[in-house]
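*Asks:* Before I ask anything, let me first share the structure, which is written out below as structure tokens.
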Amino acid sequence: MNSKLKVAVCQLRTELDAAVTMKKAEEFVRRAAGDGAGLVVLPEMFNCPYSSRYFRRYAARGHEGVVAEMSRWAKENELYLVGGSIPETEGEKLYNTSFVFDRAGEQIAKHRKIHLFDVDLPGMRFMESDTFSPGERITVFDTEYGKMGVAICFDVRFPELFRAMAVRGAKLVILPAQFNMTTGPAHWAETLKLRALDNELFLVAASAARYEGFDYECWGHSMVIDPYGVTLAEADEKEQTVFAQLDFDRIDEVRAQLPTFLKLRRDVYTVSE
């Protein structure tokens, strides 16, 4: 099993023209591959402006074409691709869904956002459940580097979900996200570090770049955190790709030095595997 993996987080801005966004995303992926990335991660709703005005409109075009394109990007560049998230339709329901592909372009996982972003903050009210249905499954998948998990944005505020992925063997959790200009500066970095520290694993968080003046302005600041809570890479708010070299042997090293995750009292409390 390979222990070292170079990851790339593509913090791109979603444009109103879907074709422009898709072309840009493909170029981001291609360049990341050229720089040696074995795993590339895109942001939440990377192909659709993050606004209730657009979710159903973009979903009506069908998600299948976007999935096919992401599969091609993974195959042509011979890398693992976590395709951020896109609007996915199933019957009458709409989901905020992340599709994952292996080096051959095969879809190996799909995560539907479990916890929908329904908040009433000062200056902002957002009800994701007005549009989306919640996912019902925890997502952990196998790779040549070991098991990995996927969550989406608001999912990160629920420690039980991350503990469930960890006890199922995830060494790395990938989080496409779009924290806003209120919660971003207040909670983004702190929450990411806590989830990595809670479970002594790697966490890769891929935000969209900020779109100033748009309905919803996200914080940006994509990050890669190691099992000890150390920031390995961090973006600012602009479009860019950040890279980090992961050494999965670091997980065993941290858990041996500070065996928090290994000392779970499953006789007293538990999260099911």
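*Asks:* Kindly indicate which of A59, A18, A68 is over 30 Å from D252 (Cα atoms) and in contact with a strand residue (DSSP E or B) (Cβ under 7 Å, 6 or more places away or on another chain). Talk me through it step by step, then tell me what you get.
*Replies:* Details: A18 fails: in contact with a strand residue (DSSP E or B) (Cβ under 7 Å, 6 or more places away or on another chain); A68 fails: in contact with a strand residue (DSSP E or B) (Cβ under 7 Å, 6 or more places away or on another chain).
Just one listed residue meets the conditions, A59.
*Asks:* So, of the residues in the range 216-259 that are in contact with a helix residue (DSSP H, G or I) (Cβ under 8 Å, 6 or more places away or on another chain) and among the β-branched types (V, I, T), which turns out to be surrounded by the fewest Cβ atoms within 10 Å (Cβ to Cβ)?
*Replies:* Here the answer is T231.
*Asks:* Looking only at the range 137-169, which residues are crowded, with 23+ Cβ neighbours inside 10 Å and closer than 22 Å to E78 by Cα?
*Replies:* Answer for the range 137-169, where residues must be crowded, with 23+ Cβ neighbours inside 10 Å and closer than 22 Å to E78 by Cα: M148, G149, V150.
*Asks:* Same structure, new question: Keeping to the range 23-58, report how many residues are over 18 Å from the mean Cα position of the chain (by Cα), part of a helix (DSSP H, G or I), touching a residue at least 12 places away in the same chain (Cβ under 8 Å) and under 30 Å from D130 (Cα atoms).
*Replies:* Here the count works out to 4.
*Asks:* Kindly indicate the residue of the range 168-179 that is in contact with a Leu (Cβ under 8 Å, 6 or more places away or on another chain) and free of Cβ contacts under 8 Å to residues at least 60 places away in the same chain and also farthest from P87 (Cα to Cα) among those meeting that condition.
*Replies:* Among them, the one singled out is A170.
*Asks:* Please verify whether F154 is more than 28 Å from Q257 (Cβ to Cβ), at pLDDT 95 or above and in contact with a helix residue (DSSP H, G or I) (Cβ under 6 Å, 6 or more places away or on another chain), treating the condition exactly as stated.
*Replies:* Numbers: more than 28 Å from Q257 (Cβ to Cβ): yes; at pLDDT 95 or above: yes; in contact with a helix residue (DSSP H, G or I) (Cβ under 6 Å, 6 or more places away or on another chain): no.
Considered against the rule, which asks whether it is more than 28 Å from Q257 (Cβ to Cβ), at pLDDT 95 or above and in contact with a helix residue (DSSP H, G or I) (Cβ under 6 Å, 6 or more places away or on another chain), F154 comes out as no.
*Asks:* While we're looking at this one, here's another question. Which of the residues belonging to the range 226-255 are among the small types (G, A, S) and farther than 14 Å from L197 by Cα? Talk me through it step by step, then tell me what you get.
*Replies:* Filtering the range 226-255 for residues among the small types (G, A, S) gives 229, 233, 235, 244.
If the condition is that a residue be among the small types (G, A, S) and farther than 14 Å from L197 by Cα, then A233, A235, A244 are the ones that fit.
*Asks:* Which condition breaks for Y54 when tested against (1) closer than 30 Å to A33 by Cα; (2) surrounded by fewer than 22 Cβ atoms within 10 Å (Cβ to Cβ); (3) among the aromatic types (F, W, Y)?
*Replies:* Status for Y54: all satisfied but (1).
*Asks:* Can you tell me which residues in the range 102-131 are under 16 Å from the mean Cα position of the chain (by Cα) and basic (K, R)?
*Replies:* If the condition is that a residue be under 16 Å from the mean Cα position of the chain (by Cα) and basic (K, R), then K110, R112, K113 are the ones that fit.
*Asks:* Is there a residue in the range 89-104 that is in contact with a strand residue (DSSP E or B) (Cβ under 6 Å, 6 or more places away or on another chain), among the acidic types (D, E) and in a loop (DSSP other than H, G, I, E, B)?
*Replies:* The answer is yes, given that some residue of the range 89-104 is in contact with a strand residue (DSSP E or B) (Cβ under 6 Å, 6 or more places away or on another chain), among the acidic types (D, E) and in a loop (DSSP other than H, G, I, E, B).
*Asks:* Is it the case, given these coordinates, that A109 is among the aliphatic types (A, V, I, L, M) and in a strand (DSSP E or B)?
*Replies:* The answer is yes for A109.
*Asks:* Can you find a residue in the range 125-140 that is under 20 Å from P227 (Cβ atoms), out of contact with any His (no Cβ under 7 Å at 6 or more places or on another chain) and part of a strand (DSSP E or B)?
*Replies:* Yes; the residues of the range 125-140 include at least one that is under 20 Å from P227 (Cβ atoms), out of contact with any His (no Cβ under 7 Å at 6 or more places or on another chain) and part of a strand (DSSP E or B).
*Asks:* In the range 89-113, what residues are polar (S, T, N, Q), within 15 Å of G65 (Cα to Cα) and buried (at least 18 other Cβ atoms within 10 Å of the Cβ)?
*Replies:* Residues satisfying the conditions are T97, S98.
*Asks:* Separate question: Filter the range 227-262 down to residues that are more than 17 Å from F28 (Cα to Cα) and of a type in the set (F, W, Y) and give me whichever is farthest from the chain's Cα centre (by Cα).
*Replies:* For the range 227-262, the residue satisfying everything is F261.
*Asks:* Scanning for something out of contact with any Asp or Glu (no Cβ under 9 Å at 6 or more places or on another chain) and closer than 20 Å to S52 by Cα, does the range 95-118 turn up at least one residue?
*Replies:* No: the range 95-118 contains no residue that is out of contact with any Asp or Glu (no Cβ under 9 Å at 6 or more places or on another chain) and closer than 20 Å to S52 by Cα.
*Asks:* A further question on this structure: Quick check on L203: is it free of Cβ contacts under 8 Å to residues at least 40 places away in the same chain, among the aliphatic types (A, V, I, L, M) and either farther than 22 Å from Q107 by Cα or touching a strand residue (DSSP E or B) at 6+ places or on another chain (Cβ under 8 Å) (or both)? Spell out how you get there, then give the answer.
*Replies:* Details: free of Cβ contacts under 8 Å to residues at least 40 places away in the same chain: yes; among the aliphatic types (A, V, I, L, M): yes; either farther than 22 Å from Q107 by Cα or touching a strand residue (DSSP E or B) at 6+ places or on another chain (Cβ under 8 Å) (or both): yes.
Criteria met by L203.
*Asks:* As an exercise: evaluate D118 against (1) touching a residue at least 12 places away in the same chain (Cβ under 8 Å); (2) under 27 Å from S272 (Cα atoms) and give the number of the one condition it does not meet.
*Replies:* If we test D118 against (1) touching a residue at least 12 places away in the same chain (Cβ under 8 Å); (2) under 27 Å from S272 (Cα atoms), just (1) comes out false.
The values are calculated or read from the model by the stated rules, or taken from the named source; none is laboratory data. Since the structure is predicted, the reported quantities are computational estimates derived from the model, not experimental observations. Here Cβ is always computed from backbone atoms with ideal geometry, including for glycine, and neighbour counts include all displayed protein chains.
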